[in-house]
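A.B. asks: Just dropping this structure here.
The values are calculated or read from the model by the stated rules, or taken from the named source; none is laboratory data. Fair warning: this is a prediction, and the values are worked out from it, not measured in the lab. With ideal geometry, Cβ positions are generated from the backbone for all residues, glycine too; neighbour counts draw on all protein chains shown. Only protein heavy atoms, including side chains, enter the accessible area calculation; ligands, DNA and RNA are left aside. Shrake-Rupley method; radii C 1.70, N 1.55, O 1.52, S 1.80 Å.
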Amino acid sequence: MSRKMLPIGVDDFEKIRTAGYYYVDKSSMIRELLENRGEVNLFTRPRRFGKSLNISMLRSFFEIGTDKTLFSGLEISKETKLCEQYMGQYPVISISLKTAHGDTYEFARNELCTILAKEALRFSFLSTSEKLNETEKQLYKQLIRVDNTLNGTFCMSESTITSSLNTLSMLLEKHLGKQVIILIDEYDVPLAKASSHGYYDKMIILIRNMLDAALKTNRSLYFAVLTGCLRISKESVFTGLNNLKTYSLSDAGCDEQFGFTDAEVKQMLEYYGLSSYYETTREWYDGYLISSAYVYNPWDVINWCNQLLTNPDKQPKSFWKNSSGNEEVKSFLKCMGKGVTRNQIERLIAGETVQRKIEEQLTYNAIYDNIDNLWSLLYATGYLTLSEVPSGGLVRLKIPNNEVRGIFSDFILELFQEQVANDGVLVEKFSTALKDGNPTEVERVFTGCMGKTISIRDTAVKNEFKESFYHGLLLGILMFKTDWGIVSNREAGKGYFDIQIEIEDEEIGIIIEVKYAGNGDLDAACKEAMKQIHDNDYTAELKKDDMQTILKYGIACYKKQCKVVLEQEP
């Protein structure tokens with residue numbers, strides 16, 4: 001029997017349910033929402049945690065004319081009375097603001113016009129409705145007006161934009177005789193992008209006025225659901241909105257409905273015959289504490305399963321990193337020594353916790369104003385999570401898993417490379433000592449380098465990660481020797497070496513094997529490194545390439561200490 005497809009990048013509920021995709025059932029969210037909702041409900045979750053798919057599910061459930069078979073066999077179908085009362089019973093306005101941005105305010109505003117107009121076009125019956133008068137029909141036509149002088153793009157005045165959702169819901173209620181459900185996905189993306197491009201003040205006014213009209217003074221509203229990464233402070237965007245119920249990362253309610261639970265991940269792995277990869281999946285993609293529930297990043301789990309089905313020997317990697325610029329982590333690390341201590345970063349990388357105060361109501365234009373806001377941003381966006389259910393004002397934060405730990409490590413190494421790039425003397429000292437077979441000088445220079453960056457604590461984080469970090473530091477120095485042939489983690493002999501160097505004009509070949517001395521015994525770790533070089537015949541490729549002098553280095557690291565040993569052929 002053929003397996004269902006993995007829904008990579010598919011966030012349309014109907015498509016997933018009808019086109020043969022695997023679906024992790026989150027329909028119980030509908031019951032939780034109906035039983036505990038406010039008039040306006042805001043869900044804040046990190047990116048790629050299923051917000052858009054859940055919004056699509058809500059639309060499919062509530063909208064008049066829905067295909068009720070979409071929910072056959074799902075948890076919500078067991079709630080027969082609730083389904084009879086709510087399924088397919090309401091007009092639904094559903095928009096996503098994830099594309100309402102650009103380099104300029106004018107471009108972002110035009111994108112917002114297009115989003116609103118396309119949603120209004122779904123209700124084209126309003127233009128000929130016998131239940132609407134001519135004035136009301138003209139109001140509808142303003143929502144879908146095209147300006148032929150601007151290449152046929154949709155065009156609305158700012159007053160039309162701000163009243164658009166209110167107007168559309170009023171017209172739908174009059175035509176259909178029922179109040180309207182409004183769904184807004186990624187409501188804060190326009191504000192985040194506006195902050196980055198310098199037009200935040202204009203965009204916050206536009207979005208605030210639109211939401212005010214739609215959510216605060218709208219008699220045609222039955223209820224609304226919004227999703228986003230941040231809970232923007234009421235004073236900034238939800239001014240005077242007293243009917244807002246927030247489901248943030250620390251709030252109770254629907255805590256298992258965004259992200260995959262452990263049981264759901266086990267079931268998915270079993271379905272695809274990948275149960276043997278459970279521990280690796282857990283270490284890399286689990287660890288997010290939402291209210292009192294631990295969940296996995298769904299984007300990562302789906303992509304990881306797809307990778308394994310393509311190549312079972314592939315190693316886990318960061319899928320999440322490539323879906324964003326990760327500016328939050330970069331900004332945080334650049335604050336080292338300016339409010340963020342090296343000790344705090346070292347503890348996080350090591351899997352330990354840092355105690356901080358978290359502010360869950362932020363404004364994008366003030367995120368980088370102080371360190372507390374930056375810590376809060378890392379928490380809200382999923383780079384940090386709570387280590388336990390909070391019981392007071394201060395909370396303990398940690399990096400959730402190996403994937404995010406790798407993101408921090410990668411950017412730490414990038415910063416290190418920037419420092420090295422400005423220190424040509426260091427590069428020459430290190431490379432000269434390495435080429436000349438001077439282990440004492442290699443050890444001295446590399447130890448000095450380690451003192452300028454973070455160290456790796458001897459904690460529960462696996463040695464593989466620690467070795468990769470120091471491996472990265474070495475490459476961060478060597479990458480500037482553009483006249484050397486340097487390769488890393490490539491197969492040679494009977495295994496995979498850490499670093500291989502060929503200096504062709506001098507016929508010198510170098511092999512470097514890095515070990516982390518978990519017990520602090522640097523000598524023993526160096527011996528282990530040299531033994532691995534010998535046992536796996538790592539010099540085979542160098543001999544094949546006719547390198548006349550071969551230098552074999554075993555480098556052992558422990559926190560900010562290192563030991564270097566050398567064997568030379570001939």
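A.B. asks: Quick check for you: with a 1.4 Å probe and neighbouring chains kept, what is the accessible area per residue of the range 346-450, in Å²?
C.D. replies: Using a 1.4 Å probe on heavy atoms only, each residue of the range 346-450 averages 40 Å².
A.B. asks: Sticking with this structure for a sec: Please list, or write none, the lysines whose alpha carbon is within less than 28 Å of the alpha carbon of LYS81, excluding same-chain residues fewer than 8 places away.
C.D. replies: Counting by Cα, and skipping residues close in sequence, LYS81 has these lysines nearby: LYS15, LYS26, LYS51, LYS68, LYS174, LYS178, LYS245.
A.B. asks: Also: Can you tell me the accessible area per residue over the range 190-288, all protein chains present, probe 1.4 angstrom, in square angstrom?
C.D. replies: 39
A.B. asks: Same structure, new question: Given a 1.4 angstrom probe, I'd like the percentage of the accessible area of the range 425-561 that is carbon and sulfur, rounded to a whole number.
C.D. replies: Working: 2720 of 6090 Å².
Summing carbon and sulfur atoms, their accessible area is 45 percent of the total for the range 425-561.
A.B. asks: For the range 247-343, run through the trypsin sites (Lys or Arg not before Pro) and keep only the ones in DSSP coil with at most 14 other Cβ atoms within 10 Å of their Cβ.
C.D. replies: On the way: sites: LYS266, ARG282, LYS314, LYS317, LYS321, LYS330, LYS334, LYS338, ARG342; in loops: LYS314, LYS317, LYS334, LYS338.
Of the trypsin sites (Lys or Arg not before Pro), the ones in loops of the range 247-343 whose Cβ has at most 14 other Cβ atoms within 10 Å are LYS314, LYS334, LYS338.
A.B. asks: Which peptide among 252-258, 482-488 comes first, and what is the full order, when sorted by highest mean count of other Cβ atoms within 10 Å?
C.D. replies: 252-258, 482-488
A.B. asks: Summing +1 for each Lys or Arg and -1 for each Asp or Glu, what net charge is found among the other residues whose Cβ lies under 14 Å from the Cβ of LEU121?
C.D. replies: +3
A.B. asks: Please state the charge dipole magnitude for the range 126-264, taken about the Cα centre, from unit charges on C-beta atoms (+1 on K and R, -1 on D and E), reported in debye and rounded to the nearest 20.
C.D. replies: Roughly 620 debye, rounded to the nearest 20.
A.B. asks: Which one, SER431, LEU394, VAL340, projects farthest toward the positive side of the charge dipole computed for the range 325-441 from Cβ point charges (K/R +1, D/E -1)?
C.D. replies: LEU394
A.B. asks: Here is a follow-up. Mind checking which of LEU143, VAL295, PRO312 is farthest towards the positive end of the chain's charge dipole, using Cβ charges of +1 (Lys, Arg) and -1 (Asp, Glu) about the Cα centre?
C.D. replies: Most positive-ward Cα: LEU143.
A.B. asks: In the range 245-272, which residues have a backbone nitrogen under 16 Å from the label point lying 7 Å from LYS4's Cα in the Cα-to-Cβ direction?
C.D. replies: 259-261, 263-272, by backbone N distance to the label point.
A.B. asks: A further question on this structure: Please give the contour-minus-distance gain from ASP67 to ASP545: 0.36 nm per residue of separation, less the Cα-Cα distance, rounded to one decimal in nm.
C.D. replies: Length gained between ASP67 and ASP545: 165.4 nm.
A.B. asks: Among the listed pairs LYS429/LYS563; LYS317/LYS563; LYS330/LYS462; LYS317/LYS462, which have their C-alpha atoms separated by more than 19 angstrom in this model?
C.D. replies: LYS317/LYS563; LYS330/LYS462
A.B. asks: Further question: Let's see if you can work this out: charge +1 on each Lys and Arg Cβ, -1 on each Asp and Glu Cβ, no other charges. What is the dipole magnitude of the chain about its Cα centre, in debye to the nearest 20?
C.D. replies: Values: 67 positive and 79 negative charges, 397 e Å.
For this selection, approximately 1900 debye.
A.B. asks: May I ask you to give the percent of accessible area on the range 14-93 that is carbon plus sulfur, with a probe radius of 1.4 Å? Don't jump to the answer; show the numbers that get you there.
C.D. replies: On the way: 1300 of 3180 Å².
The computed percentage sits at 41.
A.B. asks: Could you pull out every one of the aspartates and glutamates with an alpha carbon less than 16 Å from that of LYS131, ignoring same-chain neighbours closer than 8 positions?
C.D. replies: Candidates past the 8-residue exclusion: GLU173.
A.B. asks: I would also like to ask the following. Considering amide H positions built from the backbone, and no H for Pro or chain starts, which residues 5 or more places from THR246, or on another chain, come under 5 Å of its amide H?
C.D. replies: LEU42
A.B. asks: Below 15 angstrom from the Cβ of SER291, what's the summed charge of the other residues (Lys, Arg +1; Asp, Glu -1)?
C.D. replies: Residues close to SER291 contribute a combined charge of -3.
A.B. asks: Take peptides 128-135, 462-469 and line them up by average Cβ neighbours within 10 Å, highest first, as a rough protection proxy.
C.D. replies: In descending order of packing, they fall as 462-469, 128-135.
A.B. asks: Could you state the number of Å between the C-alpha centres of the range 102-127 and the range 431-484?
C.D. replies: Taking the Cα centre of each part, the range 431-484 and the range 102-127 sit 53 Å apart.
A.B. asks: Also, I was wondering about something else. Quick check: at a probe of 1.4 Å, how many percent of the accessible area of the range 308-372 sits on carbon and sulfur atoms?
C.D. replies: 42
A.B. asks: Of [x] 28.3, 96; [y] 23.4, 72; [z] 44.8, 143, which is the value of Rg and Dmax of the Cα atoms in Å derived from the coordinates here?
C.D. replies: [x]
A.B. asks: Could I ask something else about it? First select every other residue whose beta carbon is under 14 angstrom from the beta carbon of GLY472; then total the charges, Lys and Arg +1, Asp and Glu -1.
C.D. replies: Around GLY472, the surrounding residues sum to -4.
A.B. asks: Continuing with the same structure: Is there a quick way to get the dipole size of the range 124-177? I mean about its Cα centre, with the Cβ of Lys and Arg at +1 and of Asp and Glu at -1; what is the value in debye to the nearest 20? Please list the in-between numbers first.
C.D. replies: On the way: 5 positive and 6 negative charges, 16 e Å.
In total the dipole reaches around 80 debye.
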